[in-house]
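K.L.:
I am attaching a structure below and will ask some questions about it afterwards.
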Amino acid sequence: MLVIVCPYCGKRPEIEFSYGGQAHLARPAQPAELDDQAWADFLYMRSNTKGLYAERWRHAHGCGRFFNALRDTTTDHFTATYKSGERQPEPVTPTVNP
Amino acid sequence: MRLRQKFSGLALIRRAFGRHESWQPQWRKPEPKAAYDAVIVGGGGHGLGAAYYLAREHGLTNIAVLEKGWIGGGNTGRNTTIIRSNYLFNESAALYDHSVKLWESLSQTLNYNVMFSARGVMMLAHTVHDTQVFKRHVHANRCNGVDNEWLEPEQAKAFCPPLNTGTDIRYPVLGAALQRRGGTARHDAVAWGYARAADALGVDILENCEVTAIRRDGSGAVEALETSRGLIRARKVGVSAAGHTSVVLAMAGVRLPLESYPLQALVSEPVKPAFPCVVMSNTIHAYISQSDKGELVIGAGTDAYTSYTQRGALHINTHTLDAICELFPNFRRMRMLRNWGGIVDVTPDRSPIIAKTPVPGLYVNCGWGTGGFKATPGAAHVFAWTIARDEPHPINAPFTIERFRDGYLIDEAAAAAVAH
């Protein structure tokens, strides 16, 4: 089980959290102006990165708030967690090659 | 197919006199050629099967299967071997039942005992919603010629005596859907059988050969693969790389609606035959059967997050064991022997993609999520067709990448009513 650092509550076990998928995907401001491919890209396409990945988590059984995290998907090590709305931090440690 | 050594009871007896020392390796270990007519990336059951059908049914014998590890070492060797075809939608039923029909004669086709055992797959209903959904499945399946029948709790108990049908458990069994043609097979044997048969048809199986780049010509079509064993030219490349499909196709600039998750399984210590069928419970996440070796084979769920680590969290396993212990109290003191994880590529609608890609000469068979093993022969068969003819077989025609753009989802995610 992962230990995840909630930016509001600190270290907590993974079972307190729910996963929110890839981070920093902004909903298009004018959805009606998108063509089908652009809309499908927003809805369904994810980077599925092998390596350092920015993702959302929600502290569902804690403070209830969403936040973002940087995790290496080849090791499951978190390099950072940060509040929603904050900029994605630079990687603290070198990433593993994809 | 010119097998160097045909397997039979007689051959077994004859070689017994020579202390079984005259058996030869079941496939060659060739050096890569500079060029092939077609190359399959991924040496699991799906990839090896596609190579076999390309050679046998489409006459393409100058082909190779590239595997970055050893064949059958990925999800083919990590799954819980459940085979069934009782899917809701017409498109899925056609695809998975095509596969079940091939399973039924696969041992004879390949001259390799894949130990297909149609012992029946029973899916338990625990809520009113489950009951309604499964009855709908039963009716839809019958319309598609797929066997599936509804069992009342006492009938389920008769079919699977270890099942606890008491009403005092947290999620009592309200009934079950039974597919009698479903069952299990020996997963390793599927990879080995396809590898041996493909090799006999002239297919080169190249292990420890990782693709590092995909080269394309001026028109954008596939030209060659850069690999850890040198450059290999090919105008047709079929990718069957399961959890790593996104990584491979990114080399050609193709994006897919896939996310890769760890999926775990575990086995108990081996015991005498104690469990007659396959039982699945989507609602409380229990998947169990007994292998011919005697181990209880138990499937757990996916972890919450995407990952490529081939391992997952213990609480996913204990969650499944909670359900197993309640449904089958006689297994409460069984000791678990091993657990492991594999990486599965999941699509938004939980249906696979077997299709051409926007890159000419590049084909993909992916998105099988948590249930690709059952589809091995059928998917391999239609994937080979797609590669050979540069157009999909009628069975896999709906399973395109473009369905996500065009809105033609095959939404088995909603149909299964389970958080995969």
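The values are calculated or read from the model by the stated rules, or taken from the named source; none is laboratory data. Nothing here was measured: the structure is a model prediction, and the numbers come from that model. Cβ atoms come from the backbone with ideal geometry, glycine included; neighbour counts cover every protein chain shown.
K.L.:
Tell me, which strands (runs of 3 or more DSSP E) wholly within the stretch B:280-348 include 2 or more residues that are touching a strand residue (DSSP E or B) at 6+ places or on another chain (Cβ under 8 Å), at pLDDT 95 or above and among the polar types (S, T, N, Q)?
P.N.:
In the stretch B:280-348, B:286-290 are the strands (runs of 3 or more DSSP E) which contain 2 or more residues that are touching a strand residue (DSSP E or B) at 6+ places or on another chain (Cβ under 8 Å), at pLDDT 95 or above and among the polar types (S, T, N, Q).
Conditions tested, residue by residue: (1) more than 25 Å from B:Ala375 (Cβ to Cβ); (2) acidic (Asp, Glu); (3) assigned to a helix (DSSP H, G or I).
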{"site": "B:Ala156", "(1), (2), (3)": "yes, no, yes"}
{"site": "B:Leu163", "(1), (2), (3)": "yes, no, no"}
{"site": "B:Asp168", "(1), (2), (3)": "yes, yes, no"}
{"site": "B:Pro172", "(1), (2), (3)": "yes, no, no"}
{"site": "B:Asp188", "(1), (2), (3)": "no, yes, yes"}
{"site": "B:Gly193", "(1), (2), (3)": "no, no, yes"}
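K.L.:
Which of the residues belonging to the stretch B:380-404 are among the aromatic types (Phe, Trp, Tyr) and under 14 Å from B:Ser92 (Cβ atoms)?
P.N.:
B:Phe399
K.L.:
Across the stretch A:5-27, which residue is farthest from the other protein chains (Cβ to nearest Cβ) among those that are touching a residue at least 60 places away in the same chain (Cβ under 8 Å) and either part of a helix (DSSP H, G or I) or over 12 Å from the mean Cα position of the chain (by Cα) (or both)?
P.N.:
Only one residue fits best here, namely A:Tyr8.
K.L.:
Output yes when any residue across the stretch B:32-46 is over 23 Å from B:Val222 (Cα atoms), modelled with pLDDT of 95 or more and surrounded by fewer than 20 Cβ atoms within 10 Å (Cβ to Cβ), and no when none is.
P.N.:
Among the residues of the stretch B:32-46, not one is over 23 Å from B:Val222 (Cα atoms), modelled with pLDDT of 95 or more and surrounded by fewer than 20 Cβ atoms within 10 Å (Cβ to Cβ), which makes the answer no.
K.L.:
I'd like the full set of residues that are within 21 Å of B:Thr127 (Cα to Cα) and aromatic (Phe, Trp, Tyr), limited to the stretch B:158-214.
P.N.:
B:Phe159, B:Tyr171
K.L.:
Report, by residue number, each residue of the stretch A:28-59 that is facing another protein chain (nearest Cβ under 9 Å), of a type in the set (A, V, I, L, M, F, W, C) and touching a Pro at 6+ places or on another chain (Cβ under 6 Å).
P.N.:
Hit for the stretch A:28-59 is A:Met45, nothing else.
K.L.:
Those residues that are within 14 Å of another protein chain (Cβ to nearest Cβ) and in contact with a Gly (Cβ under 7 Å, 6 or more places away or on another chain), I need them from the stretch B:244-289; list them, please.
P.N.:
B:Leu258, B:Ser260, B:Pro262, B:Gln264
K.L.:
Would you confirm whether or not the stretch B:218-237 contains a residue that is within 14 Å of another protein chain (Cβ to nearest Cβ) and not in a loop (DSSP other than H, G, I, E, B)?
P.N.:
no
K.L.:
Got at least one residue in the stretch A:66-87 being under 23 Å from B:Ala250 (Cβ atoms), more than 11 Å from every other protein chain (Cβ to nearest Cβ), of a type outside the set (S, T, N, Q) and part of a strand (DSSP E or B)?
P.N.:
Checked the stretch A:66-87: at least one residue is under 23 Å from B:Ala250 (Cβ atoms), more than 11 Å from every other protein chain (Cβ to nearest Cβ), of a type outside the set (S, T, N, Q) and part of a strand (DSSP E or B).
K.L.:
Give the stretch B:257-276 a look and list any residue that's surrounded by fewer than 23 Cβ atoms within 10 Å (Cβ to Cβ) and hydrophobic (A, V, I, L, M, F, W, C), or say none.
P.N.:
B:Ala265, B:Leu266, B:Val267, B:Val271, B:Ala274, B:Phe275 - these are the residues of the stretch B:257-276 that are surrounded by fewer than 23 Cβ atoms within 10 Å (Cβ to Cβ) and hydrophobic (A, V, I, L, M, F, W, C).
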